[in-house]
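Enquirer: Take a look at the following structure, please.
Derivation of every value follows stated rules applied to the coordinates shown; laboratory data play no part. What you see is a predicted model, and the numbers here were worked out from it, not measured in a lab. In this analysis, Cβ positions are derived from the backbone assuming ideal geometry, glycine residues included, and neighbour counts consider all displayed protein chains.
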Amino acid sequence: MSLTVAFLLLAIPAAAEPEATKAMPVPAVQVIPLPHDEASFQHLGRELTRYHFGSSQQRPFCYPMLGPDGRSLTRMGHPRDPITHTHHNSVWISHQNVAGVDFWADRADRGQPIGRIVSQRIERYEDGDRAAWMLGVNAWQDGQGKTLLMERRRIEVDVIGEDDWLMLVDLQFETPGSEPVTLGKTPFGLIGVRMAKTIGVNDGGGRILNSEGQRNEKEVFRKPARWVDYCGPVTEEHRGGITLMDHPSNVGAPAPFHVRNDGWMGACLTLNGELVIEPGKPLRLRYGLWCHAGEPEAAEIESHWKAFADSSLPKMVN
């Protein structure tokens, strides 16, 4: 090798070592898109709930809502009347009278036309160390496919403990055109929760308790409250339940709660009168569902409601 060639070889800098890829933290709470238009909210790989928004559904809903021992705190349908209560979809959003169209029921038993809540798109999924959330857009359509109402829905799951977590449901409703839309007077809507059979007062010996200290259907039925807790046996050894919370910024808060000893509860938006959504004036609502183990006392539930009530409302745009 000549001196010139050797000199040139020495002058060529050695290839730099590839920089090691820096590992990013893995979020403890994730919302994972799944086939068939579903999304799974998971904590350290364990599912807490799943959002179902496929086009074959009458409306989007969340099922299961997992509690102690991995058992669901909710169920699909009425345990004693599965035929006429197919619309009881675990945790769901709907209303019995939107411009005269029934989005609550699955069949026209009341003589009203039946509507469907159809997912248009999911705009965002976000994971985090303590919480994960997703944002979607739904169209409330009548039987002919005409959109009566546009909805933006944000679902967030916050992990508090092993069998203790919070689901936040933020809703924004707008008219699709230049005409107002009326939500009629009814006890059915806007949020419903069908509890597991073993948690029901009648079938499992469960308990209903509201923020006013009232208990079970006889006292709680259609009474205004900041929250209602429904809990009962989940296994032979463990109890658990869900507290449904109405945010103080909601129209008409504190809402009357429609409850039954057969295992369901819901916060009524228009029990006492209709509500008109004007063009350019969106209706904003927030509900919280604290999923817990045990049978908490009122003071503990109230502390969770206060934290929920003080929480800031998120943006509803992507």
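Enquirer: Tell me, what ³J(HN,Hα) does each residue in the range 135-151 have, in order and in whole Hz, if you take phi through Karplus 6.51 cos²θ - 1.76 cosθ + 1.60 with θ = phi - 60° and put x for Gly and Pro?
Expert: 10, x, 10, 10, 10, 8, 10, 7, x, 9, x, 7, 7, 9, 8, 9, 10
Enquirer: Just to check, using Stokes-Einstein with a Kirkwood Rh over alpha carbon pairs, what's the diffusion coefficient of the chain at 10 °C and 1.306 mPa s in µm²/s?
Expert: 76
Enquirer: Determine, for Val317, Val101, the number of other Cβ atoms within 10 Å of each Cβ, and report the residues in order from fewest to most.
Expert: Exposure proxy ranking, most exposed first: Val317, Val101.
Enquirer: Taking every alpha carbon pair in the range 113-235, what does the distance histogram look like in 10 angstrom bins from 0, in percent?
Expert: Cα pair-distance distribution for the range 113-235, in percent: 10, 28, 31, 27, 4, 0.
Enquirer: Something else now. Cα centroids of the range 157-229 and the range 104-118: how far apart, whole angstrom?
Expert: Each part reduced to its Cα centre gives a spacing of 21 Å.
Enquirer: Please report the relative contact order for the range 27-310, taking Cα pairs under 8 Å with a sequence separation of at least 6, and give it as a percent rounded to a whole number.
Expert: 17
Enquirer: Next question, about the same structure. Count the lysine pairs in the chain that are 8 or more places apart or on different chains: how many have C-alpha atoms under 21 angstrom apart?
Expert: Pairs that pass both the separation and distance tests number 7.
Enquirer: I'd like to know how the range 267-318 sits against the 2.2 N^0.38 Å rule of thumb: what's its Cα Rg over that expected value?
Expert: 1.56
Enquirer: Hey, fewest Cβ within 10 Å first, where do Met76, Met265 land in order?
Expert: Met76, Met265
Enquirer: Mind checking the angle between helix 298-310 and the chain's longest principal axis? C-alpha axes, 0 to 90 degrees, to the nearest 10.
Expert: In the chain, helix 298-310 runs at an angle near 60 degrees to the longest axis.
Enquirer: Please turn the phi angles of the range 182-189 into ³J(HN,Hα) values with the Karplus equation 6.51 cos²θ - 1.76 cosθ + 1.60 (θ = phi - 60°), one per residue in order, whole Hz, x for glycine and proline.
Expert: These are the phi-based 3J(HN,Hα) values: 9, 8, x, 5, 6, x, 9, x Hz.
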